Amino acid sequence: MFEVLGAIILFVVVLSVLVLIHECGHFIVARLFGVAVEEFGVGFPPRAWSTMRGKTRYSINWLPLGGFVKLKGEQGEDADTSDSFASKPVWQRVCILAAGVASNLILAVAIFIFSFAIGMPQVIDSSEDAARARDVSIHITQVLSGSPADQAGLRAGDRILTLDGAAMGTVEEVQTTIRAHGDSSLTLSIARGSDVLSISATPKALRENADRVSLGIGLARIGTIRYPLHIAIVKGMEMTGTMIVVMVTTIVDAFRHLAFDGFVGPVGIAATTATVTKLGVPYLLNLIAQLSLSLAIFNVLPIPALDGGRIFFTVLERVRGRSIKASVENMIHLIGFAVLMSALLLVTFRDITRLVSP
């Protein structure tokens with residue numbers, strides 16, 4: 001119970017920090033271009049405490065889920081005053097709107113660089129990597145549904161320590177040992193977070209006429225490799241680029257095929273946080289970097305109510321030579337927000353169903 005509560009609190013803290021960093025980007029660039037910030041809020045109303053500093057109210061609110069920045073003229077009002085968002089040139093407004101996305105992107109790069117510098121867990125696939133790696137072990141990366149491993153209670157993320165008392169050094173050794181057992185029971189000593197468990201499973205042929213038995217697991221040899229700072233910078237940027245490609249491809253495929261099963265909401269992410277926390281700080285840092293990157297990519301989508309949607313209308317104003325009526329644009333963003341909240345509720349309901357289903 002306390003473990004679950006701790007994971008939820010950690011998730012709320014992480015999400016709040018990521019959203020606050022996002023809003024800080026808007027705040028800093030808005031001030032840089034002379035736009036008045038009416039309020040910078042930590043959390044969401046109702047307000048618990050606030051103070052005025054110059055023209056800006058800084059507040060702490062009761063709902064601890066991120067924060068917000070309220071800019072003067074962000075709804076199109078006060079266009080005739082020099083410190084209004086609405087009075088600024090298109091390129092400045094685009095920079096202000098994109099600053100939140102940029103902040104999350106920069107944070108993700110920084111975390112990846114830091115992770116590679118202190119030691120990033122990764123698949124060991126060469127003798128050079130093996131020589132530099134520490135804490136090398138065989139990880140279960142996938143468990144097929146209905147397989148002997150699934151029925152025995154093995155999970156993705158488990159580390160294999162021994163098979164029938166024998167230490168395993170490579171993926172090939174694990175595979176050979178499993179096949180050599182035929183259809184007899186095999187005892188696995190596995191590490192799951194800080195716990196060491198003994199689990200018995202019986203390999204079997206997973207397909208008709210298959211000539212090999214299996215537990216139905218995916219395996220990888222994973223170790224922690226630490227890089228010098230100059231290499232860590234390159235590795236961090238490469239990792240960021242790779243993750244962006246993967247996330248964008250996933251989103252495009254989801255909309256192309258109208259298949260959103262791979263998307264998770266706050267409940268699903270909180271459950272993942274609980275699992276990752278058990279694996280250690282490097283894994284948690286990697287998750288935070290991916291969440292920051294996801295927040296950046298999601299917000300840049302040209303969907304009403306998101307930064308990308310507001311950027312779209314701002315650029316459209318430049319193309320048309322005149323702005324869309326403020327009341328019309330605000331209504332479109334309001335509808336977009338309602339649709340997003342409805343989608344979030346559906347995803348959350350699906351996540352809860354997955355967690356409670358046997």
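Listed values, structure above:
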{"read-out": "Scan of the range 150-194 for residues that are among the acidic types (Asp, Glu), part of a helix (DSSP H, G or I) and over 22 Å from Gln122 (Cβ atoms), ordered by number", "value": "Asp150"}
{"read-out": "Breaking point among (1) free of Cβ contacts under 8 Å to residues at least 60 places away in the same chain; (2) surrounded by 15 or more Cβ atoms within 10 Å (Cβ to Cβ), for Tyr283", "value": "(1)"}
{"read-out": "Search result, residues across the range 201-256 that are basic (Lys, Arg) and either in a loop (DSSP other than H, G, I, E, B) or surrounded by fewer than 18 Cβ atoms within 10 Å (Cβ to Cβ) (or both)", "value": "Lys204, Arg207, Arg212, Arg226, Arg256"}
{"read-out": "Selected residue (criterion: farthest from Thr56 (Cα to Cα)) from residues of the range 74-115 that are touching a Lys or Arg at 6+ places or on another chain (Cβ under 7 Å) and in contact (Cβ under 8 Å) with a residue 24 or more places away in the chain", "value": "Val90"}
{"read-out": "Filter result (aliphatic (A, V, I, L, M) and open to solvent by less than 50 Å² (accessible area, probe 1.4 Å)) within the range 172-195", "value": "Val174, Ile178, Leu186, Leu188, Ile190, Ala191"}
{"read-out": "Checklist (1) touching a residue at least 24 places away in the same chain (Cβ under 8 Å); (2) more than 30 Å from Ala289 (Cα to Cα); (3) surrounded by 13 or more Cβ atoms within 10 Å (Cβ to Cβ) applied to Gln122, failing item", "value": "(2)"}
{"read-out": "Qualifying positions in the range 309-351 - open to solvent by 80 Å² or more (accessible area, probe 1.4 Å) and touching a residue at least 60 places away in the same chain (Cβ under 8 Å)", "value": "Arg318"}
{"read-out": "Answer from Ile222, Ile217, Ile251 - the residue that is β-branched (Val, Ile, Thr), in contact with a Pro (Cβ under 8 Å, 6 or more places away or on another chain) and closer than 26 Å to Leu144 by Cα", "value": "Ile222"}
{"read-out": "Conditions (1) within 20 Å of Phe255 (Cβ to Cβ); (2) within 15 Å of the chain's Cα centre (by Cα); (3) open to solvent by less than 50 Å² (accessible area, probe 1.4 Å); number of the one not met by Phe298", "value": "(3)"}
{"read-out": "Residue satisfying all of: in the range 105-119; under 14 Å from Ile225 (Cβ atoms) and small (Gly, Ala, Ser); most open to solvent (accessible area, probe 1.4 Å) among these", "value": "Ala117"}
{"read-out": "His26, sole failed condition from (1) more than 25 Å from Ala99 (Cα to Cα); (2) modelled with pLDDT of 90 or more; (3) of a type outside the set (A, V, I, L, M, F, W, C)", "value": "(1)"}
{"read-out": "Given (1) open to solvent by 40 Å² or more (accessible area, probe 1.4 Å); (2) more than 30 Å from the chain's Cα centre (by Cα), index of the condition Val136 fails", "value": "(2)"}
{"read-out": "Total residues in the range 8-26, condition in contact (Cβ under 8 Å) with a residue 12 or more places away in the chain and either over 20 Å from Phe40 (Cβ atoms) or crowded, with 18+ Cβ neighbours inside 10 Å (or both)", "value": "13"}
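The values are calculated or read from the model by the stated rules, or taken from the named source; none is laboratory data. Everything numeric here is computed off the predicted structure, so don't read it as measured data. So basically every Cβ, Gly included, is an ideal-geometry build from the backbone, and we count neighbours across all protein chains shown. These accessible areas exclude ligands, DNA and RNA; they are computed on the full protein's heavy atoms, side chains included. Shrake-Rupley method; radii C 1.70, N 1.55, O 1.52, S 1.80 Å.
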